[in-house]
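Quick notes on the structure that follows.
The values are calculated or read from the model by the stated rules, or taken from the named source; none is laboratory data. None of the values given here were measured: they were computed from a predicted structure. Here the Cβ positions follow ideal geometry from the backbone for every residue, glycine too, while neighbour counts run over all protein chains shown. Ligands, DNA and RNA are excluded from the accessible area calculation, which covers all protein heavy atoms including side chains. Shrake-Rupley method; radii C 1.70, N 1.55, O 1.52, S 1.80 Å.
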Amino acid sequence: MAFGVLGAVATIAQMALLSKVVDRVFLDGESLGQVGTLLLLLLGAIVLRSGLLWLREISAQRGAIYVKSELRKQLFTHLMHLGPGYTKGERTGELVTTAVEGIERLDAYVGRYLPQMVLSALIPLLVAAYVLPFDWISAALLLVSAPAIPVLMVLVGSHAEKRMKRQWSSLSRMSAHFLDVLQGLSTIKAFGRGAAEREKVAKVSEDFRERTLEVLRYAFLSGFVLEFVATLSIALVAVALGVRLLIGSIAFAPAFLVLLLAPEFFRPLRELGVHRHTGMEGKAAAERIFEILDTPAPVSSGPAEVTSLGGRLEIELGDVEYTYPESGQPALSGINLTLPAGSCTALVGRSGAGKSTLVNLLMRFVDSEHGRISANGIPIADFPVEIWRENLALVPQRPYLFYGTVLENIRLARPEATREEVERAAELAGATEFIGRLPQGYDTGIGERGVRLSGGEAQRLAIARAFLKDAPMLIMDESTSSLDPESERLIGDALEVLMRDRTVLVIAHRLNTIYRADQIAVLDGGCLVETGTHAELIQSGGPYARLVDTYNRTPA
Amino acid sequence: MRVLLRLLGFLGVHRWQVALAVVLGVVMMASNLGLLSVAAYLIAASALQYGLSQLTLSMFLVQIFGISRAAFRYLERLISHNVTFKLLSSLRTWLYGRLEPLYPARLLEHRTGDLLSRIVKDVEELENIYLRAFSPVVVAVAISTLTCIVLYVFDPLLAFVTLGFLALSGVGVPLLVSVLARRLGRRELELRAELNVQIVDGIQGVQDLLALGQASGQQRKIEDLGHKLGRVQKRMASITGLHSTLNDLTMNLAMLAILFLAIPLVNEGGIPGVYLAFLALLVLGSFEAVQPLGTAFQFLGRSLHAGERLFEVSDAEPQVTYPYEPLPPPRSHTLEFDRVSFRYGEDEAPVLTDVSFKVEPGSRVAIVGPSGSGKSTIASLALRFWDPTDGEVRLGGYSLPGYAEEDLRNAIGVAAQDTHLFNQTLRDNLLLARPAASDSEVESAVEKARLGEFVSSLPRGLDTPLGEQGLRLSGGERQRVAVARALLRDAPVLILDEPTANLDPSTEHELLAAVYEQTPGRATLIITHRLVHMERMDEILVLEAGRIVERGTHQTLLDNNGSYKRMIDVQNQLLLATV
């Protein structure tokens, strides 16, 4: 910013020298030799001005780079704190866009728009202050017309703002529509609607064009106002100067200097207009980023430095209740459940019954506000979150595979594991065979050149991670879709080994898993309605028996 | 160059508007040039105490230029944006027309799921070709020429020197900067791509990261990459900052050079002194036109890349073509696969091998098997999205390639597994299957597909918008919309691809019962991994790894005690109500 102001000073100096040179040559008939010193000074001013411009660019961009990198770090760290409860589902795409593109948009906002806002107030004042002593009439003319620019722009702007906002969304809808149509090509073709859809693409595009132009007319109007005031007042200054020269109330040199400075007076305002749109985009992105940063994290780290729990883990839930921030109804309430060490508990219930919420609480992706969860008698909230999670291995239904090799993906469970340990875990998970078929085995990059893993293969990698982590407790979300018989068998065998001697909580979808569980916990509407073994629950004829019954009545 | 010409070809249709916009752009630029230089002349002439009559013209011109710049700019922007949107509109329509016959064979060759969004982005990129690439170049050339002509009148040398500086600023500086930035720019792109991958991974995989205790590891990775990127961007900033700096420098040096050349001429009387200020400002002003060239070249480069990618896709020959002289529409509707084998590409593993079966009108055939066994490919072949690598698919006794596309589509109704719901109302989404259907027909299809309760729960019933801006449907709801579409279509051949995936058992049962009631006399092909109502099938084919490993009725297959029996057993293990 300081460079911007200094640059303006250099510009004034340059223009002053220029007007002097022209004055001496034109009116005094001086030769090149006589104005040589002035020309050299002029050269100096020019070089200085350019140098300052360069420094201004560099410092503006450096500032923007610093802000971006700092915000990116904070945003990502905070997203990690917010956890899967916040980032899941439909929000994922938007968050990715904000973290990737939103941050980049700040560039124009922080690097250009903000400094320009200040400069567009400072530089005109500087120019006017310089002109004022020797030509107060022109200075006054400029100073009177300049405020008209923001005032008129705001007037036009506020009138157009509402329409524009509506239109920007439909502007992006035009490409959204096109994408929609392209993604639906197979449906369109299957129903023989190709030709009709083509007309529609044309019609929608045409509609959007008309409506967009309607609004752009307003947007351009504010640009028109800016240009109009700026050029017209330059013209007025010029004509007024001409008249005053004729009547002899001003000399040529100052008059010419004022004419040279008049465009400089308006330049920062014009540049502000150029950056306005990108600036607005950046502002919107910044607002969204701060909104995310202001969302409170659902988990606070424990105070006590409890580090080890020993080999076996017994979990006790007492009166646990949890309500998601955006919903009014508790997702879980009054949960009392013990998971004895080394036992397997099957969690059963319809979708929305609160099964995932229970897992989120145990994993401490969220913390319950009522009730307590303890491990071997110690409240889990007393542990630092990371330490607590070291005790748990999670096998989700759809594990996420990261950019990187198969080896790296398994090793995430324990970064210091040797290659042999990773391979051993993969073997236990029944993954050796398909990994062997990949082009570079363990070193095959996932997602590269069409290497895609099937659901069953991805699951086996998740199981391998769990083996490698070797935590005392295992939480698992069983697959609902049927895989090929080979995968089914391999996964079944691997899980049996994995579950042995661990405290296991499994969101169960399969009867044989449920049969084998030491206890079944049935959730309904956020409440624990039944616990017991399969035989006990069938006999009591409660909700579990009805669930199983619905299934059995279905004709095969 | 060919790509550029083809892209400009799209502008050709609107050539008069393009010409008008360019002319307005030139006039707008010239107005500013004129305003400052004529004003300089005016002041100089006034200083010489010229008579008022001699000054009237220049005063008048100054006023005109003062107003015209803003006005022409306004008009220019309106017209150029109008042209741009027209261009986009015709591009989209053209591209859609090209892509439709290519689907799916040629489009899926690229196999990247984001090909479609890539295409949309490329089209958007072309938005810039007129506004930010074509127009600035033409305007820059016109203004440079104009300036040089004026200067030439005073002295040819002035014109050539100025031209040199203009070229330096418009072409030399951008070239220099791009050469300097090339290596760093590539590094920046790489780093940014890597960073983006890590951010996306981090957000999408947050659950696994936290569970594995690797969140801080990922944070560190992102921070490191961010620092690396920051360092590269900082170095980049001093190079890109050079762009505007050098432009500014050339502009002022040009002015200085003109003074240097013109002062002796003024001294000698070759140029009247009154024009000295005019010349200085004329030269300064002319640079406004060449300064956008740097970005124009960048946009041009990007547009050309986008155009190249688009043409690459659009120039592909459709894999499936329809005959010029098609057979008459099929009279009978037996769907028959005769020793059909299929692979997606030359060097890829076969998806189907030697598959033969026949679905007669009035009969039901089920294809069952684990996911990935090639079931859905059978539906794609029946719809002629692809042609088999070996063997024939026949309808009414004739091979499918003999029929016109329209006749084929009319004969087959499909409830696809990946049915697409458009950003329209539910009603429009259903009417897609048969635009002429009456309200009562739509409602009856909704009822049969067991969507009635769902529809009445919607705020605006059938007229509730779906998709991006509207309601999101669950998997089971989508599937039922697909079935409703197929029922509304009411074609002689009905293909149901996983019609009951994601449904609870009682809804599944009701839906299938309703569908079978509606379909007497139709040839029905059901593709499913859910073994429900199998006793109502005339034939069941068990597909494994693209081959039919077992076939027969429900009972014979149970007795066989093979793959089918195993699948039934696995299914019996599922406590479906928990889904």
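Odds and ends about this structure:
- Matching residues in the range B:215-234 - criterion: being open to solvent by 30 Å² or more (accessible area, probe 1.4 Å) and either acidic (D, E) or under 30 Å from A:L392 (Cα atoms) (or both): B:S216, B:Q219, B:R220, B:K221, B:E223, B:D224
- So B:Q204, is it modelled with pLDDT under 85 and surrounded by fewer than 21 Cβ atoms within 10 Å (Cβ to Cβ): yes
- Filtering the range B:423-451 to residues that are touching a helix residue (DSSP H, G or I) at 6+ places or on another chain (Cβ under 6 Å) and closer than 15 Å to B:R480 by Cα leaves B:L426, B:R427, B:L430, B:A433, B:V442, B:A445, B:V446, B:K448, B:A449, B:R450, B:L451.
- Subset of the range A:5-37 (residues that are more than 8 Å from chain B (Cβ to nearest Cβ), in contact with a Lys or Arg (Cβ under 8 Å, 6 or more places away or on another chain) and surrounded by 23 or more Cβ atoms within 10 Å (Cβ to Cβ)): A:T11
- Among the residues listed as B:I239, B:I271, the single one being part of a loop (DSSP other than H, G, I, E, B), out of contact with any Pro (no Cβ under 9 Å at 6 or more places or on another chain), at pLDDT 85 or above and more than 9 Å from chain A (Cβ to nearest Cβ): B:I271
- Qualifying residue in the range B:268-280 (condition: surrounded by fewer than 18 Cβ atoms within 10 Å (Cβ to Cβ) and touching a helix residue (DSSP H, G or I) at 6+ places or on another chain (Cβ under 9 Å)): yes
- Residue count for the range B:44-80 under the criterion of being part of a helix (DSSP H, G or I) and open to solvent by 40 Å² or more (accessible area, probe 1.4 Å): the result is 16.
- If you filter the range A:50-74 down to residues that are under 17 Å from the mean Cα position of the chain (by Cα) and among the polar types (S, T, N, Q), you find that the one that is least open to solvent (accessible area, probe 1.4 Å) is A:S69.
- Among the residues of the range A:94-151, those identified as assigned to a loop (DSSP other than H, G, I, E, B) and either free of Cβ contacts under 8 Å to residues at least 40 places away in the same chain or not acidic (D, E) (or both) are A:L132, A:P133, A:F134.
- Unique match (being touching a Gly at 6+ places or on another chain (Cβ under 8 Å), on the phi < 0 side of the Ramachandran plot and not assigned by TED's automatic domain parsing to the domain that holds B:H243) among B:V340, B:V283, B:V313: B:V340
- Test: A:G85 is open to solvent by less than 60 Å² (accessible area, probe 1.4 Å), facing chain B (nearest Cβ under 10 Å), closer than 26 Å to B:Q204 by Cα and in a helix (DSSP H, G or I): yes
- The single residue among A:V406, A:V385 that is touching a helix residue (DSSP H, G or I) at 6+ places or on another chain (Cβ under 7 Å) and touching a residue at least 40 places away in the same chain (Cβ under 8 Å) turns out to be A:V406.
- Among the conditions (1) touching a Leu at 6+ places or on another chain (Cβ under 6 Å); (2) more than 25 Å from A:E30 (Cα to Cα); (3) surrounded by fewer than 17 Cβ atoms within 10 Å (Cβ to Cβ), B:P264 misses just one, which is (2).
- Enumerated helices (runs of 4 or more DSSP H) restricted to the range A:390-463, each holding at least 1 residues that are within 11 Å of chain B (Cβ to nearest Cβ), open to solvent by less than 30 Å² (accessible area, probe 1.4 Å) and under 18 Å from B:G202 (Cα atoms): A:406-411
- The set of residues in the range B:397-416 being part of a loop (DSSP other than H, G, I, E, B) and either within 29 Å of the chain's Cα centre (by Cα) or farther than 14 Å from B:F337 by Cβ (or both) consists of B:Y403, B:A404, B:A416.
- The range A:338-357 residues that are more than 13 Å from chain B (Cβ to nearest Cβ) and closer than 22 Å to A:R502 by Cβ, paired with ones that are part of a loop (DSSP other than H, G, I, E, B) and open to solvent by 40 Å² or more (accessible area, probe 1.4 Å) (beta carbon under 6 Å, 6 or more apart): A:P340/A:E314; A:A341/A:R312; A:A341/A:E314; A:G342/A:D501; A:S343/A:D518; A:C344/A:D518
- Residue match in the range B:288-300 (condition: within 10 Å of another protein chain (Cβ to nearest Cβ) and open to solvent by less than 40 Å² (accessible area, probe 1.4 Å)): no
- Comparison of B:T524, B:T556 shows that the only residue that is among the β-branched types (V, I, T) and either touching a Pro at 6+ places or on another chain (Cβ under 7 Å) or touching a residue at least 12 places away in the same chain (Cβ under 8 Å) (or both) is B:T524.
- Any hit, the range B:415-423, residues being surrounded by fewer than 19 Cβ atoms within 10 Å (Cβ to Cβ) and either among the hydroxyl-bearing types (S, T, Y) or touching a Pro at 6+ places or on another chain (Cβ under 7 Å) (or both): no
To keep it simple, each residue is scored yes or no on (1) modelled with pLDDT under 85; (2) crowded, with 18+ Cβ neighbours inside 10 Å.
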site: B:A523; (1), (2): no, yes
site: B:R530; (1), (2): yes, yes
site: B:D538; (1), (2): no, no
site: B:V549; (1), (2): no, no
site: B:L558; (1), (2): no, no
site: B:S563; (1), (2): no, yes
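- Only one of B:V206, B:V232, B:V171 that is touching a helix residue (DSSP H, G or I) at 6+ places or on another chain (Cβ under 8 Å), farther than 30 Å from A:E408 by Cα, outside the structural domain of B:L33 (by TED's automatic domain parsing) and not basic (K, R): B:V171
- All positions within the range B:437-483 that are part of a helix (DSSP H, G or I), under 23 Å from A:H177 (Cα atoms) and within 14 Å of another protein chain (Cβ to nearest Cβ): B:G475, B:E477, B:R478, B:Q479, B:V481, B:A482
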